[in-house]
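Only one structure is covered here, and it is reproduced in the block below.
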There are 2 protein chains.
Amino acid sequence: MADVLWISAGAVGAYFGGRLQQGGASVAVAVRSDYEAVKANGFQISAAAGEFNFSPDGVYRSAAEYPGTPDYVVVSAKVLPWINVPELIRPAVKSKETVIVLIQNGIGIEDAVAEAFPENEVLSTVAYIGATRTGKGFVTQTGSQRLIMGKSGGGDSEKGRALIELFKAGKVEAEFTENVAYFRWKKLLWNTPFNTISVLGGHLDTKQMCDRGQVEELCMTLMQETAAVAASDGHVFTAEDLTSNMEYTRNFPPYKTSMLVDYEAGRPLEVDAILGNVCRIAAKNGVKVPHLDTCYALLQSVSPKGDK
Amino acid sequence: MADVLWISAGAVGAYFGGRLQQGGASVAVAVRSDYEAVKANGFQISAAAGEFNFSPDGVYRSAAEYPGTPDYVVVSAKVLPWINVPELIRPAVKSKETVIVLIQNGIGIEDAVAEAFPENEVLSTVAYIGATRTGKGFVTQTGSQRLIMGKSGGGDSEKGRALIELFKAGKVEAEFTENVAYFRWKKLLWNTPFNTISVLGGHLDTKQMCDRGQVEELCMTLMQETAAVAASDGHVFTAEDLTSNMEYTRNFPPYKTSMLVDYEAGRPLEVDAILGNVCRIAAKNGVKVPHLDTCYALLQSVSPKGDK
């Protein structure tokens, strides 16, 4: 049986970790603020497909408490400057056989981990899910629940495919790809403009961003600049990809982006994963992104500081 | 004696109108919401130089009620899309001898008036003053109280110089210039970056804008783009002008920009006068201002709509 240690299991981790256990893996979790509740009762998950309880195969306060050598260490922490993922996982990565799995937003998020653990395989994962912590150990999941996983840097992975099979056995819409970077950029093509403008434009939902002339044009400009950076990184999106992204959003029922939800809750924003690293890759590759640069400066300024 | 009708006499109008009367002019006012209070008691002005009462030589609800033919029609209304200055003043501009005086922020604000009254002289005025309406007919003025006035389009003006003499007799620091456009751009060189970022950067005072690395850099970039537009309009500012603008602001006691004050009070912002017209002049002259364009779209989006 595959031994999995899931670190920083928030709403996303509780949902996918529970499904992974249902698929046949042994899944232990490291949780911080909800430790007592999860230790006592596990996670109560109100999912789109029905309620379920996830009683982890071990509940720890941190990776250091985990007694074994896991096959997979999974991290679904937010990407924030003061969350040091290598430090978080280091106590559990005792063997070069342990695979590190990152389920996080943005681009360039694997670099620090790959550098800290050069002998370990790193699997980069893009998640499409709406999951919210509604109380200590309580999670609500709505809409899709999809994972696309691939080897950081590209290529095939036996252990990655094995993990995907376990997720699929747990009824997750999961897929292995040899080109996960493409899917990261594809998600950013939406996240970068819409998350950014939803906050900076003054609490705008998706429909408002597609309806107000000036911000609509700015969303498109940010998307074009993001696509130009993606192209400089080897991932080409067409003009049709961009316009259909806008059309899809315009015709979808209005909702708040995850960054706007964080902003309104006073939580820090994933500014660097979503926007800053795009600007940095642009600078490295000589791509001019003045509209993204402007938003990056403003978003850093409005993002609440500190670990909340 | 010079007959002056002052239209939309808010805090700035009450202060300078009162000083103009003290200087020897006959000053009537058109006021809207504070009509009853001003009709009964005039304006009570708590000025930096001491308290004074300004009892206008006539108090009207609008220009249409003014019985005579004024020598000067002065407008100190905010520059907002739904405030139509030509319509506001038209009933009082019965003679081509009447001089129209605009005391307003921004650039390109004279165009509509010059077009509507091609035979009338238009005096464009830049004001440096901190004046706040603290109640019906009550105004507080702090700091400087300076006017720079010139003929719209440039050149000398006998009637402009005569009006300046009256302001000076009323102890206003007033100056006539043959090149008022230069002073408009000079004020914008500060207003455009700092007013904009104070709002978009998340309620930042002047010191915070000069201290936070990323927004400080963005302020400088916006100032450089504004200077490039000014240069394309014939007004050259040096790199030293820009750095000294930043240095001055960094070393001045922190305060909130007028746009941030408006924003926090839920009032609409002078987006077009301060930012939009700069972007429009840039487009007309072929100057690329992507950072200003980005802020313009965002500022329009966050500005409260409607007449408040």
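Is region A:77-180 rounded, prolate or oblate when judged by the Cα gyration tensor, a ≥ b ≥ c being the square roots of its eigenvalues, rounded requiring a/c under 1.5 and prolate requiring a/b larger than b/c? Here region A:77-180 falls in the oblate category.
Partner shielding of B:197-206 amounts to 4, given as the average count of beta-carbon atoms from other chains within 10 Å of each residue beta-carbon. Here is how far apart the A:D211 label points are across copies: 4.0 nm, shortest first, using a point 7 Å from Cα toward Cβ. Comparing the full protein assembly with the isolated chain (1.4 Å probe, heavy atoms, ligands and nucleic acids excluded), the residues of region A:209-237 losing at least 50 square angstrom of accessible area are A:Q214. Loop-located GluC sites (Glu not before Pro) across region B:82-138 with a Cβ neighbour count of 13 or fewer within 10 Å are B:E97, B:E119, with loop assigned by DSSP. Sorted from closest to farthest, the other copies place their A:E178 label points 7.7 nm away, with each point set 7 Å from Cα along Cα→Cβ.
Rounded to the nearest percent, how much of the accessible area of the protein assembly as shown (1.4 Å probe, protein heavy atoms only) is carbon and sulfur?
In the protein assembly as shown, the share of accessible area belonging to carbon and sulfur is 50 percent.
Taking both sides together, the accessible area buried where B meets A is about 1500 Å² for a 1.4 Å probe. The spacing between region B:14-50 and region A:1-45, judged by their C-alpha centroids, is 70 Å.
Taking a probe of 1.4 Å, how large is the accessible area per residue of chain B, in Å²?
Ligands and nucleic acids excluded, the result is 42 Å² per residue.
The translational diffusion coefficient of region A:158-308, from Stokes-Einstein at 37 °C and 0.692 mPa s with a Kirkwood hydrodynamic radius over alpha carbon pairs, comes to 200 µm²/s. Take the alpha carbon gyration tensor of the protein assembly as shown, find the square roots of its eigenvalues, order them as a ≥ b ≥ c, and report rounded if a/c is under 1.5; if not, report prolate when a/b exceeds b/c, else oblate. Prolate. Of the trypsin sites (Lys or Arg not before Pro) in region B:35-102, the ones in a loop by DSSP (not H, G, I, E or B) with at most 14 other beta carbons within 10 Å are B:R61, B:K94, B:K96.
How many angstrom separate the Cα center of region A:132-146 from the Cα center of region B:188-257? Taking the Cα centre of region B:188-257 as reference, the centre of region A:132-146 is 44 Å away.
Would you be so kind as to identify which of A:P70, A:G155, A:V27 lies farthest towards the positive end of the dipole of region A:3-178, taking Lys and Arg as +1 and Asp and Glu as -1 on Cβ and the Cα centre as origin? Of A:P70, A:G155, A:V27, it is A:V27.
Could you check what % of the DSSP bridge pairs in chain B are antiparallel, to the nearest 5? The answer is about 40 percent antiparallel. Comparing A:P304, A:A239, A:N179 along the charge dipole axis of chain A, the residue lying farthest to the positive side is A:P304, per the Cβ-charge model. In a DSSP loop and with at most 14 other Cβ atoms within 10 Å, the GluC sites (Glu not before Pro) in region A:170-203 are A:E178. How would chain B be classified by its alpha-carbon gyration tensor: rounded, prolate or oblate, with rounded meaning a/c under 1.5 and the a/b versus b/c comparison settling the rest? Because a/c hits 1.5 or more and a/b exceeds b/c, chain B counts as prolate.
The values are calculated or read from the model by the stated rules, or taken from the named source; none is laboratory data. None of these values were measured; they are calculated from a predicted model. We place every Cβ from the backbone using ideal geometry, glycine too, and count neighbours over all the protein chains shown. Just the protein is used for accessible areas: all its heavy atoms, side chains included, with ligands, DNA and RNA removed. Shrake-Rupley method; radii C 1.70, N 1.55, O 1.52, S 1.80 Å.
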